[in-house]
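Report on the structure given below.
Please treat every number below as a calculation from the coordinates, not as lab data. As the structure is a prediction and not an experimental result, all values here were calculated from the model. All Cβ positions, even for glycine, are placed from backbone atoms using ideal geometry, and neighbour counts span all protein chains on display.
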Amino acid sequence: MNRSVVVLILALMACSLMLVYSQQRSRMLYADKNRLEIQENKLNQEWSRLEYEQRDLSKSSRIVDIATKKLQMKEIKQDKTIYVREMAK
């Protein structure tokens, strides 16, 4: 009888320790999940900002403006175009 009581007490202690461990693990996983969700939201915001910036930078009016002002390019004119023909052999 004495031996069975000791075994039951040890089993109860082991179950209690496993319960505490699983609760702590659950709390840690929940905290990690929340941290990763916050990081996901920040990355989604950054992605949206970068997509908007890419659309803004690729607008044709901006490209034409940079080409004319910074690169001093001009629109082509038909009378200024030179066509080169290949000579027959």
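Side notes on the structure shown:
- Lys pairs, the chain - Cα-Cα below 24 angstrom, 8 or more residues apart or on other chains: 8
- Alpha-carbon centroid distance for the pair segment 59-89 / segment 29-55, whole angstrom: 43
- Inter-label distance, Q23 to I63: 6.3 nm, where each label sits 7 Å from its Cα along the C-beta direction.
- Full-extension gain in nm, M87 to V7, via 0.36 nm per residue minus C-alpha separation: 18.4 nm
- Tilt relative to the chain, helix 2-57 - C-alpha long axis, 0 to 90 degrees, to 10: 10
- Values of log10 I(q)/I(0), in the order q = 0.28 Å⁻¹, for segment 2-74 under a Debye, Cα-only, solvent-free model: -1.09
- Nearest 10 degrees, 0 to 90: helix 60-69 Cα axis against the chain principal axis: 50
- Fewest-first sequence of D79, D65 by Cβ atoms within 10 Å of each Cβ: D79, D65
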